[in-house]
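Worksheet: one structure, shown below.
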Amino acid sequence: MAAATSVVVLDRGNNTTCTINLHGATVVSWRVNNQEQLFVSKQAIFDGKKPIRGGIPFVFPQFGPWTFGPQHGFARIVRWNLEKAPERLPSGDVEAIFSIMDSEFTRSMWNYPFRLTYRLILREKELHFNIGVYNPSKDLTFSFNLLLHTYFKVPDVRRCQITGLHGCTFIDKSRDGTVFQEGRDVVTISEWTDRLYQNTPQEHIITNVVSGRKMRIQKYNFPDTVVWNPWIEKAKEISDFGDDEFPNMVCVESGHVSSPVILLPGTAFEASQILQVM
Ligand code: TA6
């Protein structure tokens, strides 16, 4: 059960912390002035095997169902290395770097050499994510999806509004994958919602998150946004999610999923996200 105790804490002082479980480099807590911003299910399993139900699971190299491996890929179920332990920067912010590379386990599903780095920076009211994917091969090109499956904690999801999706086309998994165009200025949640919005703007704001505040999401090289809430019936189908927990979370996920990233030999891909409590 060693994996369960493998957490890394970035502590900026003033009750502002970020906690990462090396299992999947899953951010399992982000507290700003002692206010938790992320949702983790009370039924989440920390066995070092299953994905953690909540926080920010790291989706790579596949988004969704996968012929060759588990749903949403292997990155969220492998143990990551702590490349650089938490360090306080001259700015007062705290930085840490995590990484994984190909292994016998990953090659059994996805036979490519790769290196993935994940740099987190904890600022006063912000959390920065910088991701690098490297193809060290001399001759092999590979393609992948990448997504940060962020579970935001909210007092009541029915009161949340999400900006920056108006006019975007989306694949609606709750309606058999039919494609629609978003007509609303702000997106609200009042039923099972599972939508892959394509070519979305770089910024979204979620209103009425913790203590009625707003959460700004800024994303770079993440052209897609997934919005998910299982609502009543789907919540019952998820073993590590409480039947009554759906009102208290909303996933707004920055991703590169509707089209794969194609990485040529010897090249790198970078993407980043900033979460800001407003
Ligand atoms: O990101 C939304 C989604 O793909 C939904 O379809 C739902 O399956 C959710 O992820 C959770 O997936 P998981 O594999 O963690 O149960």
### Query
Which value, in Å³ per residue, describes the convex hull spanned by the Cα atoms of the stretch 119-278?
130 Å³
### Query
Taking the stretch 20-94 as the region of interest, what is the percent of Cα-Cα pairs per 10 angstrom bin, listed from the shortest bin to the one with the maximum distance?
18, 41, 31, 10, 1
### Query
If you add up the charges near Asp194, with Lys and Arg at +1 and Asp and Glu at -1, over every other residue whose beta carbon is less than 13 angstrom from its beta carbon, what do you get?
-2
### Query
Roughly to the nearest percent, how much of the accessible area of the chain is carbon and sulfur, given a 1.4 Å probe?
50 percent
#### Entry: Neighbourhood net charge (12 Å Cβ-Cβ; Lys/Arg +1, Asp/Glu -1) for Ile45
+2
### Task
Starting from the Cα of Phe105, step 7 Å along the direction of its Cβ; do the same at Ile45; then give the gap between the two resulting points in nm.
1.5 nm
### Task
Mind ranking 15-23, 210-218 by how tightly packed they are, going by the mean number of other C-beta atoms within 10 angstrom, highest first?
15-23, 210-218
### Task
Mind checking which lysines have their Cα closer than 22 Å to the Cα of Lys50? Skip sequence neighbours fewer than 8 apart in that chain.
Lys42, Lys153, Lys234, Lys236
### Accessible surface, per residue, of the stretch 1-51 when the full set of protein chains is kept, probe 1.4 Å, Å²
44 Å²
### Query
Hey, what does the equivalent ellipsoid look like for the chain, semi-axes from the Cα gyration tensor as sqrt of 5 times each eigenvalue, largest first, whole Å?
26, 23, 19
### Message
How far apart, in nanometres, would the label points at Met278 and Asp11 be if each is projected 7 angstrom from Cα along the Cα-to-Cβ direction?
### Response
3.2 nm
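The values are calculated or read from the model by the stated rules, or taken from the named source; none is laboratory data. As the structure is a prediction and not an experimental result, all values here were calculated from the model. Note that we place each Cβ from the backbone using ideal geometry, even for glycine, and neighbour counts take in every protein chain shown. The protein model used for the area step is the full one, side chains on, heavy atoms only, and it has no ligands, DNA or RNA in it. Shrake-Rupley method; radii C 1.70, N 1.55, O 1.52, S 1.80 Å.
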